[in-house]
Amino acid sequence: MNRIAVVPGSFDPITLGHLDVIERAAHIFDELHVLVVHNPGKTALLPIAQRVTLIERAIADAGISGSIRVTSWSVGLLVDYCTEVGASVLVKGVRSQVDVAYETPMAIVNRNLAGVETVFLLPDPAHAHVSSSLVRQVASLGGDIAPYVPRAVADLLQKPRQ
Ligand code: PNS
């Protein structure tokens, strides 16, 4: 059986924490779809297409192997995408109890809607404090984001210090 999993998220921008989850999920499942989804609850920094490109670059630069497709979805429920491509599992990284509380209702709703299960992966402790919102804030104020993001993201967002 070809087990397809989806790693969904805003990825605005992708962080080293996301990349760690993608790499580990790629080793667990036969096929992985990294899916950029617009989150209406968040103010976007990067256009969706640019987020997709950065994820592709980050995966290539890190030499992550496996059957991985990076794409986006904007026309309906996340589980509609899963049904369309035959994915039975969602993969989410959970850094804390706050993440678990945020993710749990979505996991239950997605299972009720379409029988899609959610698998939670614990982050590598090195990335447990990293979030896209933190990266956006540090970058906007001219701080060094290189320890938290793939090279392609740092090159794009890092503003030279005055
Ligand atoms: O990286 P984020 O912002 O925490 O990702 C959240 C995301 C995009 C995965 C979540 O908002 C989502 O699943 N959106 C799709 C809309 C949907 O299907 N909603 C109903 C089930 S939760």
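Collect the residues in the range 83-95 that are closer than 27 Å to A126 by Cα, open to solvent by less than 50 Å² (accessible area, probe 1.4 Å) and more than 9 Å from the ligand (Cβ to nearest atom), keeping them in residue-number order.
Applying the first criterion (closer than 27 Å to A126 by Cα) to the range 83-95 yields 89-95.
Next, only the ones that are open to solvent by less than 50 Å² (accessible area, probe 1.4 Å) stay: 89-94.
Scanning the range 83-95 gives V89, V91, G93, V94.
Matching residues to (1) touching an Asp or Glu at 6+ places or on another chain (Cβ under 7 Å); (2) within 16 Å of the ligand (Cβ to nearest atom); (3) over 30 Å from T83 (Cα atoms); (4) assigned to a loop (DSSP other than H, G, I, E, B):
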residue	(1), (2), (3), (4)
V119	no, yes, no, no
A126	no, no, yes, no
V130	no, yes, yes, yes
L134	no, yes, yes, no
V138	no, no, yes, no
G142	no, no, yes, yes
P147	no, no, yes, yes
A152	yes, no, yes, no
L156	no, no, yes, no
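Kindly evaluate A107 against the criterion of being away from the ligand (no atom under 11 Å from the Cβ), closer than 30 Å to P125 by Cα and either free of Cβ contacts under 8 Å to residues at least 12 places away in the same chain or open to solvent by less than 50 Å² (accessible area, probe 1.4 Å) (or both). Spell out the reasoning first.
On the way: away from the ligand (no atom under 11 Å from the Cβ): no; closer than 30 Å to P125 by Cα: yes; either free of Cβ contacts under 8 Å to residues at least 12 places away in the same chain or open to solvent by less than 50 Å² (accessible area, probe 1.4 Å) (or both): yes.
Criteria not met by A107.
Would you pick out the residues in the range 63-75 that are near the ligand (Cβ under 10 Å from one of its atoms) and open to solvent by 70 Å² or more (accessible area, probe 1.4 Å)?
Here is the first cut: in the range 63-75, the residues near the ligand (Cβ under 10 Å from one of its atoms) are 73-74.
S74, the sole residue that qualifies.
Which one of these does L78 not meet: (1) open to solvent by less than 70 Å² (accessible area, probe 1.4 Å); (2) closer than 25 Å to A126 by Cα?
Just one mismatch for L78, condition (2).
The values are calculated or read from the model by the stated rules, or taken from the named source; none is laboratory data. Not measured: the values here are computed from a predicted model. Methodologically, a virtual Cβ is constructed for each residue, glycine included, from the backbone with ideal geometry; neighbour enumeration extends over all protein chains shown. Accessible surface areas use protein heavy atoms only, side chains included; no ligands, DNA or RNA. Shrake-Rupley method; radii C 1.70, N 1.55, O 1.52, S 1.80 Å.
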